Structure formats: structure tokens, C-alpha cells
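Remarks on the structure that follows.
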Amino acid sequence: MLKTAIAVDADLASRIAIRCACQLGRSIDMSVGTIHALEPGEEGHAIATGWVRQTWEDAVVRESMDQVTRLVKSEQAGCRMLEPPLFLPPENDRGDRIARHLRSNHCNLFVEGFLHRYKPDLFMEKIGSRFYRTLPCPTLMAQNVPPMSKGVLWLSQGKVTEKMMETYLGIFPNQAIELELLICRFGKNPSAAAKDSSSASGVEPAVSFFESAGGTIKNISTVEGSPSSMAALVRDHFLIVSSVPPQNSLMAQLLSKSPCSLLFLP
Amino acid sequence: MRILVALDQDMRSAHTLSQVTQLLVNTWANVTLLGIVPRKSDDGGVPMDFVDTMNQYHKAVLQGFAAEDLPYAPADDDYEIAEIRPGIYEKIGNTHGGIKELTVRIRVGNPTQTILEEAQDCGSDLIVLHGDMDSQQKIATKADCSVLIVKKERDTGRILCFLDDDLLSQRSLEMITQMAVLFNAEIEIAGLTDKQSVEEKIEKKLDWLIHYFNGKGIQPWIQLVALSYLEPFILEQDHWSLVTMWMGETSIFKRLFSVNKVAKLLESRKSSVLLLR
Amino acid sequence: MSLEILILDDETIVGERLQASLEKDGHSLEAFTSPREAIKSLNEKVFDIVVTDIRMDDIDGIKILELVREKSPRTKVIMITGYATLEVARESLTKGAFDFIAKPFKIKEIRGAIEKAAHALQMEDGG
């Protein structure tokens, strides 16, 4: 069984994360836990010191816990497998605490919500964070919840490792979702059109491994152009799969243009 | 639903009519085909060639239906144009008598004024006009109902809805749903934000809209666009069947439209535009 | 002519908008958002006019139309829909709906349809 943890705050992005995970849970054998990393004083600045400050911080934390619990409860109506939230104590970096939780609980998938933005700054900041640079497990950045029938698009710059394929098959073992592989060759070409390249060099070993493990790739194609010219190709899928690209790289720019949920594989 | 279609002798009117006919086939809406002429002919009536054009438009709408599905009275060639009020002419004959009303009118005068007056008179829910009508910007900002500006035919299957901090009306959401059915399109909502407080409000509205559309079996795509990036965003967006925006009293677009900014930007795009109220 | 009217739409706003307006015209109106409750009422009582949404979560409006036509062929059924397609319009009319109205609509449009239905009832009842 796939062990999944969703990071939940009291916001819309978290609802999207929950719905995305629950949608997966309807066709994949998985548990869906929720976690919230507490932040003392997250609602504003402290208004006093000492005992008063402590009391105020406790109240803020309680309020935050209540909001998250209410949100998870409201989503449970449409997703019975959703477990009540687990609160991570407020100490050091949020990403570090979540990573530690994922590792110590042997989670196979982490899901967090992120509202897709036209301006890529926040996306770049996120994928440049320590958490994303050292992913403890596959991480789904949930941005929207389109139907699974839209399939998965795997983006690569020509290198797909067997380990990544194995990790992917650990999440989608039963070919529940159609998979396409798109190899991106970044250049200045202003108009990009994907060309069929079933024998693309660099990916054959991983593809053979994938197919021998029972996976099927519907289509392999190559595209040349700028991230902007490729944007239309990453719009209409249930998921986009990729490794975490370097911050501000061309692949990162392309991913920032996709409104689909993004599955990052370590 | 009641639709007012503003028509002139430009080729684009025929194209607009073909799109409207699809909407009529789906909705069986009551419809007024409104022809606009700037002035009367020398004999004090309506120019005969324009009357012929309107008659052709009328027939084109009816031909869009299979005979057994026609909700309007069938047309015959035995008709006359009568001046029902000063400057307002109506095709008299077989235009009434179906389950639904199809009215053919010609108004003489300034396009903006005549279209807005007719929309008031017939209580239209939607005004449709083509993207090259000079008056489109004024009508878009002054009309009480939604306005659809039809551009070239596109088959991209996506509707982009700009969402700002303005109030959403029930009828505007119903109009978007009908358009999604008409274009067989997915809905994408771009929430416009400029500061944190607005972003929180927009998030709440997005949440509500997702809930609303989910209830209709539609799963919209959502994203946030900073207001300062609106121009490049619009310039990049050429893959829409339709762009919609709310035009309530406090909407960002009402303000931007009136200063011509968004209107100019949209004018250059290929997507049709639906302004919602 | 005072009419017994049933309104069914899973969005409360539709019933609310129509209730005030139609009661002012002297009609007696029952508004429902739940098709099951509406069916219960339709089984207990004969209405002159039924206005129903077509697409609802539980039971669709076409089923309501069929039920009404079976129980009381005299009753006029006005179908309203937010997802208008030719197929839906065609099916409604084929199955005996009196009128088909696509959303959005103004109260005036529904009132117009109800007036036409009232007129038709009057004619059928012998003037």
C-alpha cells in the first residue's frame, strides 16, 4: 500500500492537494494521511512578552489547529480515506520537519497544494528550497484536479533513470493512467512541435526496463524550442512528471507554465 | 434566455450569426435580430438592400435547425417591414407563432444608442455583436446585460474566465455554463490579485466557484495572475475559444475597459470575448 | 386565474426569485430544491403547472416530467436548464413539456411561459 502524507494549511491550495490525493486514492491502493506543520505566531507579530506572549501564541496555535481540523473534516465528506491531521511541533524549518516526518514514517508519496501562478517567482522559490533539492520521497505539487483520463506526461531532457521509472511504477503499478514521454530539447526555436521519436537515444534502457516491469508508454516524442513555445504541450494532463530541475533553468521555466499537478521524482 | 444579435452588412455579421445560431439551436432562446442603419433612405424608409440582408439573416438562422426542431415560426417570402415606432422597423409576417419568439427589427440611428435601447426594450440577457463593430467598447461598458463579442471561429475548447474582487451574479455563472456547453469547452479561471488581502478574497471566491462548477459536473482549472502582469498574460493567451470577464460596478475590467486598456488588448486577440453581468 | 404551481430547482435562488413574483400574481406556489420532496408533493397533490430544472444531482427533470405526465396529463410542465443542448430540448418537448427555457432567464420570461400555460389550460378546460 502506498503511504501518502498531505501537507494541510487552512487554505484553498490544501483543499486542492487533498482532492488530488483522494482522486488518486480512488484507483490506487493507498493510505491518505494529513499533516500540518505548526508555526508559532504564524498569524502575526507577538503582542507582548513572557506569560502573555506564551498564552497568545498558544491561542494562535489552537486556532490554526482548529482551522486545519475543520478543513480536513469538511473534505472527508468526499473522501472517506482521509485521515485526521497530525500536527508537527513548531521547531526549525517547516520543510525539514516535513522531510523528517516523511522519512521516519516511510511515506512513499508527499502531496502539497500550490496555486498555479502566471508569475513564476514563488514556484522557483519552492523548487529551490532545501526540501525540493533533497526530496525525501516522490512529491506531488497539486495545482489543479483534472480527470485522470487526461493521462500523465513525463518531461525529460533526454535522461530517464531506471530508478525514476521504478519509483513511478511504485506509485502507478497497474497502468491506471496513460503515460506519454516528452523529451525537451531547449533552444531558441519560437515554434515548437512535438515529433514522434520512439527510438530516442538516452531513454531506451529506462523505457525497456519500464516495459519489462509491466508499464506501457503510449507515446514518446521529442520537441525543440523555447519554454514558452512548449507551454501548450504541458497544459492538458492529469499530471506532469519530472525530476526537480535547477531553479530558473529552462526546464523549471517550462514546468512553471503548466497548470497541471507536478509529480517530482527524487 | 433572450438574446439580442446586433447585425450590419459587414461579412462578419454572417459569421457572428452562424455562432449565435449554434447557441439558439442549443437554448431555443427568444431572439431579436437587430439590423442597424445610420440613416433612412432617400424615400424616408429603410434601404431595401438592408431589408434583403436582414431577411437573409432571418432565413440563415432558421436553416440552422432541422424542420422538426424549429422552435420559431417558419419564414416565408411574403412579408413586409413596418415602422412600429419612429425609427424602429419590424418584419411583419411569419415571425411570431412558434414556441419561441424570433423578432427581426431594424433601427435607424447611432449603433451604440440603438443597441442599448433595444436591449432595454426586449429585456435581453445577452447582446451579441461582431468584433469589428465600432461601438463594441461603449456597448460593453454601458450595457445592463452580458455582451458577447464574436471573433473568428475557433475550436480550442477552452474558456478563460478572469475573476476579480467584484460580485458574481447568478446569471453570469449560468451564462458561463451555457457557453461551456456550447463550445464543449473546459473552464479556466484566472484570479486577478495585486496584494495579499485581495489574494485571500480571490482564493475564497475561487474555492466557492470550484464548488459551484463541481456541482454542475465541471472541474475548472484555476490560476492566479498578478494584476501588474495582466498585459503580458493576455498577449500570451491565444489558445481560448472565449475570454470572459465580469463587468460589475466595482470590477477591475470595468475600470480598465473604460480607459481603453483591456479593450485595445483584447481587440488584437483572436478569442471571442464575453463580458458578464 | 389562480394556479397551483410547483417549482423544483436544486439552487434555492431560483425558487426564491419566482416565489415572491408569482405569489404577487395570486398564484399558490410550492418551491423545492430536493427532487424527492417534490415527488412526494406531486404524489399527494395535482398541480396546474410544474416548473422543473432538468439537471439535478438525485433525479433528473426528465423523470419529473414523465411522472407528472403520467399522473396528471393536464398539468403543464415547463423545463428549465443550465446545460442547454438540442438533445435535451428535443427530449423535453417529445415527452410532452409545455416549454423549454435556458438559463439565465429573467422572472419575466418564466411569468410569460406561465401565462401561456394558464391560457392553454383555460382553453382546454373550456374557456
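Model label sites at residue B:204 and residue B:110, defined 7 Å from Cα along the beta-carbon direction, differ in position by 4.1 nm. With the simple model of a label 7 Å out from the Cα in the direction of the Cβ, residue A:77 to residue A:163 spans 4.5 nm.
Given Cα positions, please report Rg to Rh for chain B, the hydrodynamic radius being the Kirkwood one.
0.99
Working from label points 7 Å from Cα in the Cα-to-Cβ sense, the residue B:92 to residue B:236 distance is 5.9 nm. For residue C:46 and residue C:1, the difference between the fully extended length at 0.36 nm per residue and the C-alpha to C-alpha distance is 14.6 nm.
Computed from the C-beta positions of residue B:211 and residue B:39 and an R0 of 35 Å, the FRET efficiency is 0.10 to the nearest 0.05. Charges were assigned to the Cβ only: +1 to each Lys and Arg, -1 to each Asp and Glu. The resulting dipole of region A:146-266 about its Cα centre is roughly 380 debye.
May I ask you to list the residues of region A:109-142 whose amide nitrogen lies under 19 Å from a point 7 Å from Cα along the Cα→beta-carbon direction of residue A:39? Only A:111-117, A:121-133, A:141-142 pass the distance filter. Taking all Cα pairs closer than 8 Å and separated by 6 or more residues, the relative contact order of chain A comes to 20 percent.
Here's the list of aspartates and glutamates a cross-link from residue A:163 could span, going by alpha-carbon distance under 15 Å and ignoring same-chain residues fewer than 8 apart: A:204, A:211.
Taking B:11, B:247, B:179 as the candidate residues, the one with maximal mean-square fluctuation in a Gaussian network model of chain B, Cα springs under 10 Å, is B:11.
Shielding value for C:106-115 is 2, the average number of Cβ atoms from other chains within 10 Å of each residue's Cβ. State which entries of A:150/C:63; A:3/A:218; A:150/B:201; A:188/A:218; C:24/C:108; A:150/A:257 exceed 23 angstrom in Cα-Cα distance in the structure shown. The pairs that break the limit, which is 23 Å between Cα atoms, are A:150/C:63; A:3/A:218; A:150/B:201; A:188/A:218. Compute the distance from the alpha-carbon center of region B:58-121 to that of region C:62-121, in whole Å. Going from one Cα centre to the other spans 24 Å.
Values of log10 I(q)/I(0) for the protein assembly as shown across q = 0.08, 0.10 Å⁻¹ run -0.73, -1.04, by the Debye formula with one identical scatterer at each alpha carbon and no solvent. For chain A, the longest stretch holding no trypsin sites (Lys or Arg not before Pro) located in a DSSP loop with at most 12 other Cβ atoms within 10 Å is which? With a cap of 12 other Cβ atoms within 10 Å, the longest stretch comes to A:81-158. Counting Cβ atoms of other protein chains within 10 Å of each residue's Cβ and taking the mean over peptide B:172-178 gives 5. The calculated FRET efficiency for residue C:57 paired with residue C:120, based on their beta-carbon distance and R0 = 35 Å, is about 0.65. Legend: mean number of C-beta atoms from other chains within 10 angstrom of residue C-beta atoms, peptide B:27-36, equals 3.
Once C-alpha pairs closer than 8 Å and six or more residues apart are averaged by separation and normalised to the residue number of region A:146-266, the relative contact order reads 32 percent.
Magnitude of the charge dipole for chain A, about its Cα centre and with charges confined to Cβ atoms of Lys, Arg (+1) and Asp, Glu (-1), is about 400 debye.
Only aspartates and glutamates eight or more places from residue C:95 in sequence, or on another chain, were considered; those with a Cα closer than 13 Å are C:66, C:70, C:87. Where the alpha-carbon atoms of region A:146-266 are placed on the principal axes, they occupy 38, 31, 25 Å, in descending order.
In this structure, residue B:196 and residue B:85 have a Cβ-Cβ separation that, at R0 = 41 Å, corresponds to a calculated FRET efficiency of about 0.15.
Every read-out reported here was derived from the displayed coordinates using simple, explicitly stated rules and does not represent laboratory data. Predicted model only: the values in this text are computed from it and were never measured. Quick reminder, even Gly has a Cβ in these numbers, built from the backbone with ideal geometry, and neighbours come from all protein chains shown.
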